[in-house]
1. If the chain between GLN74 and ARG618 were fully stretched, how many nm would it gain, using 0.36 nm times the residue separation less the Cα-Cα distance?
2. Multiply the residue gap between GLN557 and ARG264 by 0.36 nm, knock off their C-alpha separation, and tell me the result in nm, one decimal place.
3. Order 66-75, 292-301 from most to least packed using the mean count of other Cβ atoms within 10 Å.
4. Just how far, in whole angstrom, is segment 393-421 from segment 225-242 if you go by their alpha carbon centroids?
5. Could you list which residues have their amide H under 5 Å from that of ARG248, counting only those 5 or more apart in sequence or on another chain, with H placed in the peptide plane?
6. What distance in nm separates the two pseudo spin-label positions at ILE65 and ARG135, each 7 Å out from Cα along the beta-carbon direction?
7. What is the gain in length, in nm to one decimal, between LEU27 and ALA443 on full extension, counting 0.36 nm per residue of separation less the C-alpha to C-alpha distance?
8. Please compute the modelled spin-label separation between ARG201 and ASN384, points set 7 Å along Cα→Cβ, answer in nm with one decimal.
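Just so it is clear, none of the values below were taken in a lab; they were calculated from the coordinates. Quick caveat: nothing in here was measured; it's all calculated off a predicted structure. Neighbour counts are summed over all protein chains in view; Cβ atoms, including those assigned to glycine, are modelled from backbone coordinates with ideal geometry.
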Amino acid sequence: MAPQRPEPDESADWRRPVNRIAVNVMLDGGVAALAAPLARWLADPGGGLLHPLWFIAGGAITLVISSLPFRVQQQYWRFSGVDDLLGIAGASAASALLFSLGLYVTGFPIPTPAFPFIHALVLLVSLGGARIVYRLSCRRSTRRYPSSQVVLIGSDESADLFIRAIERASHPAFRVAGIMTGGRRQTGRRIHGVPILGHVRVMDDILDRARGGSEWPDLLVVTDAEFRGEDLARVLASAEQRGLAVQRAPDLTELTPAARLELRPIAIEDLLNRPQVDLDREGMATLLRGRTILVTGAGGSIGSELARQIAGHAPGHLLLLDHGEFSLWQIDLELSERAPSVRREAILADVRDRDRMEEICALYRPDLVFHAAALKHVPMVEANPCEGVLTNVIGTRVVADAAARNGARALVMVSTDKAVNPSSLMGASKRAAEMYCQALDVAARSGAGDAMRCVTVRFGNVLGSTGSVVPLFRRQLERGGPLTVTHPDMRRYFMTVSEAVGLVLQASVRGTIRDQAGSGTDTLLRSGGIFVLDMGKPVKIVDLARQMIRLAGLRPQVDVPIRFTGLRPGEKLFEELFHGREAPAATDHPGLRMATPRMVDRHEVGMVIDRLADACHRGDIAAVLALITGLVPEFAHNPTGDPHDTIVGPTADPTDAERTMHP
């Protein structure tokens, strides 16, 4: 038989801290034993340095006793700081008083009245000095083995944390040569001996002065998590001109002493210059907590983030509905790990299936429905027009009607900026869905009773979403390029997924439970108003491509080419958040604005949708286009991708739908 391995002694792990505390006690006691005769000699030089053994032992014992309330024995010498020094000062003063009191009680004369003060100072200097010497000896490896020199960019607090993290490393990879901050009057000062070189806005001058000198960095490190947007973009541009890489430090507040300090690339999301918007968390909790909530399209980018954020507000029952098996399984698995206490159901279903949706709503009777299910890829819907209309228009009506019949309090529809002056069938179909939800909501707000509210939220692209340009560029970069951009003037609005969903929930609160008498926002809602997220400024796609190449440490058109492929069917050069006739109105929340597009009677839009469903099931694409154009007259179809090749209005004879909508 093979010899049995001895069982590990688990008690040894518990003894190690006790052993280290015992070492601290012995070291501090030894220092205090030497400090007592030294203080006696300083107070009375004629008394000599030699004293009885009990005198030396008394100095050690009184310190050990006095340091207990200040927990001096538990201090970690390598990481000693100001708080530790204050503890040592308290223990030194208490020990000096206790020692002098012991001398008085035993009848031993106190050399001079100043002896207790001198004794306390000697203890403070001795104990504090021992810790400083030990900490400096631990830092010697930091200054001996750096492999690269960095300049920090960020606040003085974040620079302090970064330098401290380097000091803790046994074999650090960096030596900090300087700091650039956002403070106006910090130039020339030092943090842990590292000079503050100046304001980040004048980094060009700072780097030009440092070129070729000892302070020239190998790398720029952004230490402040809030440093982003235009300021970060300027830093990246300056660094690129000088051949310097820029990376970001990890969250230094969560870095444990044993963790390794690893830098990470700048994320493209960091370049969005978007101020943080305070959300009504209390209102969200009131809206969501304990309720049955249905999320359609739960496996998609928006739907899955909706599910995550809703799960964080403790719903009573979370229903995840999607037509895709794998994506639904993914979000269900994630929530089982992230929010195991939330009761949930994963439901495979097609929003176009009227009987199935009626069955689901009748069984679970959701209080709130977040309708994110849609076909959103413009060229894909152009190639499959009937499928796009069936999902985006017919599916929206099926979900809304089933929810309303089964007592839902509200439906929140996720829309898109492509619904504004649409040139694609996808955009036109989403505008048609908006119109149906508008009609339902106006009827609910103008009538009595508990009719279901319909809140529509419109926004642009989200970074990292399925089918968006950012994942495409990342895949192309991994293959070495080229990066493909449809047109050099193409612009889009961008927002992060989490930010967009947070504002969708905010709009849901504002559109359902925050009604205020006489409020301008409520007046607009009663007139068919649609919430529009504040998307900031549009971004040129070619600039986004160049920036992603730079963030990968490469040079645009040198290391990685950019190729223009031409507009795809249905695409526009510029997306819009408001129709020309929609005057954008401010709301009582800074992240939300409101559009007031024209209204259509629910009965009239319902009749057109009936005809659309019939045409789609027949596969009559010409009739589908004619009916959509009649419902959405601003639809200027661009089926070829040529910006000059648009079909304004239907190509067939006017239909009953057009006569109904525009007599």
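1. Details: separation 544, 0.36 × 544 = 195.84 nm, distance 8.02 nm.
Once the chain is fully extended between GLN74 and ARG618, it gains 187.8 nm.
2. Length gained, GLN557 through ARG264: 103.1 nm.
3. 292-301, 66-75
4. 42 Å
5. Result for ARG248 returns VAL222, ARG264, ILE266.
6. Roughly 3.0 nm, to one decimal.
7. Numbers: separation 416, 0.36 × 416 = 149.76 nm, distance 8.10 nm.
That works out to 141.7 nm of additional length.
8. Reported label-point gap for ASN384 and ARG201 is 5.3 nm.
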